[in-house]
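Below is one structure, written out as structure tokens, with a few remarks after it.
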Amino acid sequence: MPNEINGKIFAVGDIHGCADKLKLLLDRLPFDRAQDTLVFLGDYLDRGPDTRGVLDQICQLRADGAHVVALMGNHEYLLLEYHRSGDQALLPYLRRIGMGKTLESYGGASLSELTSLDFMPGEHRDFLASLLPFWETEEYIFVHAGLRHDQPLAEQDISDLCEIREPFLSQEHDYGKRVIFGHTPFATPLLTPFRIGIDTGATYGNLLTAVELPSLLFHHA
């Protein structure tokens, strides 16, 4: 069922450990805590220097009573799959996507601790466990990576929601609602009749982006 929204929605793209940019962006948003909604599109972890600081900020927003919706990105999905299964075949992928930076932000935890996640505060583990595969309102679908054209929303595979690129990126398709997504970095936000892409590569030295809805205003840090 679509969620009923009264105020504005601010959707935030991939953060990837860029805690300083997140703080600056949140300070710049005209966010009314009493009625607006913050939607984080996933990929809080890895590559950037301060994953712990990112999760601290989002957890604090929730503790302070802000309406926060947090989606799962492919980086969280892969970490949680390893945490659940202990499948050693996943370790090379975790290394490749920058898990080392996440471990450093928690005081130099080792890869062996990923199976338990005991190096994280309990609130951070709870946050990861709470992540949603998607979120929708009457007008929008929020998802980390994208959707498959031929699947109803409720039947989409979690790995596609977190990881898909093609054919989602190259084919315009009307899903009945505009899709707000991250995952694939663009130099500037992607804006088409059916999609808005707001991963602008914060971890690569570019801007962290949020889109304000329904006004379609973009905010950067």
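The values are calculated or read from the model by the stated rules, or taken from the named source; none is laboratory data. Keep in mind that this is a model prediction, so the values were computed, not measured. Cβ placement follows ideal geometry from the backbone for every residue including glycine, while neighbour counts extend to all protein chains displayed.
Of the residues in region 161-184, at least one is modelled with pLDDT of 95 or more, surrounded by 19 or more Cβ atoms within 10 Å (Cβ to Cβ), touching a helix residue (DSSP H, G or I) at 6+ places or on another chain (Cβ under 9 Å) and assigned to a helix (DSSP H, G or I). Assess whether Y77 counts as being without any contact (Cβ under 8 Å) to a residue 40 or more places away in the chain and out of contact with any Pro (no Cβ under 7 Å at 6 or more places or on another chain). No. The sole residue among A89, A70 that is of a type in the set (A, V, I, L, M, F, W, C), within 18 Å of the chain's Cα centre (by Cα) and either loosely packed, with under 15 Cβ neighbours inside 10 Å or under 16 Å from H183 (Cβ atoms) (or both) is A70.
State whether one or more residues within region 138-154 are more than 20 Å from the chain's Cα centre (by Cα), at pLDDT below 95, closer than 30 Å to L90 by Cβ and not in a loop (DSSP other than H, G, I, E, B). No: zero hits.
Among the conditions (1) surrounded by fewer than 17 Cβ atoms within 10 Å (Cβ to Cβ); (2) at pLDDT below 95; (3) farther than 20 Å from V69 by Cα; (4) of a type in the set (A, V, I, L, M), the only one that L190 does not satisfy is (2).
Of the residues making up region 105-136, those that are out of contact with any Gly (no Cβ under 6 Å at 6 or more places or on another chain) and over 30 Å from R178 (Cβ atoms) number 21.
The condition (being charged (D, E, K, R), surrounded by 14 or more Cβ atoms within 10 Å (Cβ to Cβ) and free of Cβ contacts under 8 Å to residues at least 12 places away in the same chain) is satisfied by just one residue among R125, R96: R125. Residues of region 179-221 being of a type in the set (S, T, Y) and touching a Ser or Thr at 6+ places or on another chain (Cβ under 7 Å), which ones? Those that are of a type in the set (S, T, Y) and touching a Ser or Thr at 6+ places or on another chain (Cβ under 7 Å): T188, T200, T209.
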